[in-house]
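Readers should treat all values here as calculations from the given coordinates under stated rules, not as data from a laboratory. These figures come from a predicted structure and were not determined experimentally. Glycine gets a Cβ as well: all are built from the backbone with ideal geometry, and neighbour counts include every protein chain shown.
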Amino acid sequence: MLTDREVLSTFEMLKNEHLDVRTVTLGISLFDCASDDLDRFRRNVHDKICRLARHLVATCDEVGVKYGIPIVNKRISVSPIAVAGCPFSASQMVEIAETLDETAREIGIDFIGGFSALVEKGMTTGDRALIDSIPEALTRTERVCASVNVASTHAGINMDAVYLMGQTIKRAAQLTEKADGIACAKLCVFANIPQDVPFMAGAYLGVGEPDAVINVGVSGPGVVKKAIDRARAVNPRLDLGQLSEIIKRTAFKVTRVGELIGRQVALKLGVPFGVVDLSLAPTPNVGDSVGEIFESLGLKSIGMPGSTAVLAMLNDAVKKGGAFASSYVGGLSGAFIPVSEDLRIAEAARSGHLSLEKLEALTSVCSVGLDMVALPGDISAETLAAIMADEMAIGVINKKTTATRLIPVPGKKAGEKAFFGGLLGEATIIHVADNGGSAEFMSLGGRIPAPIQSLVN
Amino acid sequence: MRKVIITVLGHDRPGIVAAVSGALLEQRCNIEDISQTILQTEFAGIFIATIPDDTKENDLCESLEGKLHPLGLSVFLKPMQAAPAGTEIETEPFVITTLGPDRLGLVAGITGLLSDYGINIVHLKAAFRGGEDPRRNVMIYEVDIPVATDHHAFRAALSRRARELGLDVSLQHRDIFEEIHRV
């Protein structure tokens, strides 16, 4: 028999706090699709994804209805295409991206990740071809997401790759200038990319992973915010230690639900369950914002002094609750602060409370990085690359994942708005200081060596 | 071994279960299950007990009434029938919660729908304290839903019924509660 308190508190979580499972992502290995014949490779890729994922959406909906917990996004991540399709040229890589796009449309999902390369120590011909193809591939497709890992704690930072990504992002923005450079919203540059991220745009299936696997992204910034608000309404004298305990308990509940739902989907699809990713992932909806949590904890806005401390506490409490709830935690597992995808963070960028420098500071204590940050269109490739190099350095030295999703909006300046639509939201373009002052540094190239932290054996 | 089911009702106070179990012990009856609850001021208890072969049910009933009537308690006794074999339907446990202001017909409205879908209620707690505060007017149904049920259709029908009755409703698999609240 359940107690009234158990039933009513769950009722509350579901009714008023947007408890859902943010994403169920089916990882599919494409290594057995390998061929040096482009048509055969594309056919193999299409057929394998369709065979494994044909019932993904229907199964997620069925489980969601049965359990009364909606699964918001159903997605697919595949093996890094630069590895699976190593023999192909850049123009052929674009055709592969189109195959992924068509297949995603066919099975009814909004994003497919894994148009990816891992180049932290150097590039194969496949890596180079894939990166060269990214601007056109992301322009000609809607649903394909790309990621490039340019740094790791064990390899250091491949500065040639960072520079190349600066140029690639500029080109991708130019090719989609009518849509405010939207191609760049589907491209992440990483340090220490995890192999099992279920969240876009960074999802791909790593080489150590099974043939197929279900990874789940749980979320609920709304649940955390409401839990804090309710506790503070009942007892305004709660201190930060007590509030972090409330966040921890909430993360525990959210994670348990996510794993339960993910395991049910995996069981029905006949594939193994992989991990729960404990990230707090916002959307541009009211009540679903990470930025609002900062306000619930007493800051006027995210970006004001105190923000890094709040984020550090929030991120840590979420991990502690989640790690107790599930033994299989992976992916990014931390709070996301995507500027355009979060109403309050976007507002803080608009009102000037949140600068590029403060965003960078925040990323030293959370999981992702400079995410969905709109920048002036005239920013140089070198400055873009240097911003990424700084972000990669934070990840490499702190043995953590960092990433950038930067969008230089063609023809627009700081203070103007960029519109990406849907889940990608809209953002005010952030001012970049000293555009052009990093050119000589970036031209040096080479690889910044792995830090002493990498010598752990 | 024969089994009987005994229900006891009366104004609640200390000593009721002691009186019932003492009377059963005197008749050498072995208690297998008890469930008791208190609604507002009233006690209700259900006892399942095995009775010795040489004891008649009528005699046992008279003996219980003799002990319990003076305490102001009503007693009802009947022999228990074995469940017919092979009639079990595979089900899954769910919890239905409603919140909303009291009015005539809330329980009848919800349970009528459950009955139409062949859904069995295994535990029900409802309290209507009046007023507009929805938290003081709650129904919590633990139910077994046949596996073959069309969940889309049932969920839609339940939402529609709740709307007609002015209730907020939630339908959740019991696993959700177990996962969230129990370690």
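Miscellaneous remarks
- Phi-derived couplings, Karplus 6.51 cos²θ - 1.76 cosθ + 1.60 at θ = phi - 60°, listed residue by residue for region A:432-442: 10, 7, 6, 4, x, x, 10, 4, 5, 4, 5 Hz, with x used for Gly and Pro.
- Note on chain B: Kirkwood hydrodynamic radius from all Cα pairs is 19.3 Å, rounded to one decimal.
- Exceedance of the 21 Å cut-off in Cα-Cα distance is limited, within the set B:Lys78/B:Lys125; B:Lys3/B:Lys56; A:Lys253/A:Lys319; A:Lys226/A:Lys248; A:Lys74/A:Lys178; A:Lys170/A:Lys412, to B:Lys78/B:Lys125; A:Lys74/A:Lys178.
- For region A:146-178 versus region B:94-133, the gap between their alpha-carbon centres in whole angstrom: 58
- Crossing angle, helix B:106-116 versus chain B [Cα axis fit, 0-90 degrees, rounded to tens]: 90
- Region B:132-183: C-alpha gyration tensor shape, a/c 1.5 cut-off, then a/b vs b/c: oblate
- Between the beta carbons of B:Lys56 and A:Val234, assuming R0 = 56 Å, the FRET efficiency works out to 0.40 to the nearest 0.05.
- ³J(HN,Hα), Karplus 6.51/-1.76/1.60, whole Hz, each residue of region A:374-387, x for Gly, Pro: 7, 10, x, x, 8, 4, 7, 4, 5, 5, 4, 5, 5, 4
- Stokes-Einstein translational diffusion, region B:91-181 - Kirkwood Rh over all Cα pairs, 1.306 mPa s, 10 °C, in µm²/s: 119
- Residue-wise HN-Hα coupling along region B:155-171, computed from phi with Karplus coefficients 6.51, -1.76, 1.60 (Hz; x: Gly, Pro): 4, 5, 5, 5, 4, 4, 4, 4, 4, 4, 8, x, 10, 8, 10, 9, 10
- Dividing the summed helix terms, -39500 (n - 2.57) for each DSSP H run of n ≥ 4, by the number of residues in chain A produces a 222 nm estimate of -14500 deg cm²/dmol to the nearest 500.
- Scanning residues 5 or more positions from A:Val365 or on other chains, none has an amide H under 5 Å from its amide H, with H placed 1.01 Å from N in the peptide plane.
- Amide H contacts of A:Cys188 (H built 1.01 Å from N, under 5 Å, at least 5 apart or other chain): A:Ala146, A:Ser147, A:Val148
- Residue mean of other protein chain beta carbons inside 10 Å, B:166-179: 5
- Where the Cα pairs of the protein assembly as shown fall when distances are cut into 20 Å bins, in %: 18, 43, 25, 11, 4, 0
- Distant-in-sequence amide contacts of A:Ser380, defined by a placed amide H-H separation under 5 Å and a gap of 5 or more residues or a different chain, comprise A:Gly436.
- Nearest-ten-degree value, helix B:16-26 long axis tilted from longest Cα axis of chain B: 40
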